[in-house]
Amino acid sequence: MDRAYNSGYVLITFMVMVMVTAAAGQLPRPRVGFYLSSCPNVESIVRSVVRSHLQSDRRIAPGILRMHFHDCFVRGCDGSVLIAGSNSERTAVPNLSLRGFEVIDDAKTQLEASCPNTVSCADILALAARDVVLLTGGTTWAVPLGRLDGRISQASDVNLPAPSDPVPVQKQDFAAKNLNTQDLVTLVGGHTLGTAGCGVFRNRFFNFNNTGSPDPAINPTFVPQIQSQCPLNGDATVRVPLDTGSVDRFDTSFLQNLRSGRGVLFSDQALWSDPETRAIVERFLGLRLPILLFGPEFGRSMTKMSLVEVKTGSDGEIRRVCSAVN
Ligand code: HEM
């Protein structure tokens with residue numbers, strides 16, 4: 001009797017605690033070390049899969065970094081970008097050039113062998129994005145874990161910032177995800193890695209806004225360089241580095257290129273024209289070794305982005321394979 005009374009009391013106390021927590025909007029948040037007892041090797045498994053893929057194809061580094069951004073900005077960081085199938089997010093135009101899905105799938109296969117049904121695909125992607133930055137010369141950071149995977153992935157939900165966006169629009173898009181202007185500039189600094197297809201930005205170098213001339217924000221010596229790489233009627237899928245001269249290295253050369261008018265995308269170069277965002281770029285570049293400031297700040301803003309609209313509690317699942325819902 002006493003025992004029944006006690007367990008009833010414990011149950012009620014527990015339920016009250018759950019209700020109070022829920023009422024306060026405090027669902028469990030992802031935290032560093034979430035898999036410490038359930039899958040202690042999660043980080044080393046992801047790291048070694050990423051490393052081995054990177055050795056055979058350096059382009060997966062920018063691919064995965066961008067994939068995490070595209071995941072977080074659409075339905076939150078819930079692995080929805082990883083789902084294959086007709087009309088899934090992967091089929092939306094900005095996602096057609098994503099790379100590295102096989103890396104996440106591979107890590108998932110290895111994790112299912114070590115700790116079945118435990119690690120979410122959204123967490124694997126967040127870890128892999130951290131690892132590609134470290135493995136290309138950037139600074140590391142601790143990734144909070146414990147995201148659940150979403151069950152919905154629709155191409156029609158994909159509404160990402162565009163390379164033609166002026167700074168106020170970029171600020172708005174980031175603010176909608178609780179990311180401030182400092183985060184915007186820092187995260188766009190991720191363009192230190194990777195490439196863009198000529199078709200995405202070519203007009204800027206030939207006929208900016210139908211003026212018949214290149215964008216005046218471009219350094220005049222940079223114009224012929226890009227014009228020869230991306231001729232007006234040439235192949236729109238040819239890709240050029242977003243960070244001229246340092247495409248594979250996570251460094252601050254992209255920010256230096258903005259300062260010298262060598263940004264490839266309109267949206268990137270605009271960060272140097274707008275006084276508020278320029279001040280942030282200047283602050284990074286003001287140091288003798290700018291990476292000492294940019295590196296940790298990038299990790300801080302990535303951590304913030306990696307927590308955008310995360311699913312915990314009962315609104316998600318741990319997928320068995322990352323490309324399909326259970
Ligand atoms: C205003 C925000 C942003 C805009 C407008 C933007 C736009 C773009 C565009 C147009 C491309 C080239 C795509 C292609 O031609 O295939 C690109 C590539 C890339 N973006 Fe962004 N981006 C933004 C923010 C970010 C953020 C926050 C990150 C990560 C933290 C990121 C990481 C990358 C990377 C790494 C690439 C190179 C991809 C590759 O080489 O495969 N971008 N971005």
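The values are calculated or read from the model by the stated rules, or taken from the named source; none is laboratory data. Here the structure is a predicted model, which means the values were calculated and not measured. No Cβ is skipped: glycine too gets one built from the backbone with ideal geometry, and neighbour counts run over all protein chains shown.
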**Prompt:** What single numbered condition from (1) in contact with a Phe, Trp or Tyr (Cβ under 9 Å, 6 or more places away or on another chain); (2) assigned to a helix (DSSP H, G or I); (3) within 13 Å of the ligand (Cβ to nearest atom) fails to hold for GLN269?
**Reply:** (1)
**Fill in**
Going through (1) in contact (Cβ under 8 Å) with a residue 60 or more places away in the chain; (2) in contact with a helix residue (DSSP H, G or I) (Cβ under 8 Å, 6 or more places away or on another chain); (3) not assigned by TED's automatic domain parsing to the domain that holds PRO296 one by one, LEU184 fails only at (3)
**Request:** Hey, can you tell me all the residues within the stretch 169-209 that are of a type in the set (Phe, Trp, Tyr) and more than 9 Å from the ligand (Cβ to nearest atom)?
**Result:** PHE205, PHE206, PHE208
**Prompt:** Among the residues of the stretch 284-326, which ones are acidic (Asp, Glu) and surrounded by fewer than 19 Cβ atoms within 10 Å (Cβ to Cβ)?
**Reply:** GLU309, ASP315, GLU317
**Request:** Name the residue, out of SER48, SER37, that is over 19 Å from the mean Cα position of the chain (by Cα), surrounded by fewer than 22 Cβ atoms within 10 Å (Cβ to Cβ) and either aromatic (Phe, Trp, Tyr) or not assigned by TED's automatic domain parsing to the domain that holds ILE124 (or both).
**Result:** SER37
**Residue list for the stretch 227-274, restricted to those being aromatic (Phe, Trp, Tyr) and out of contact with any helix residue (DSSP H, G or I) (no Cβ under 7 Å at 6 or more places or on another chain)** = none
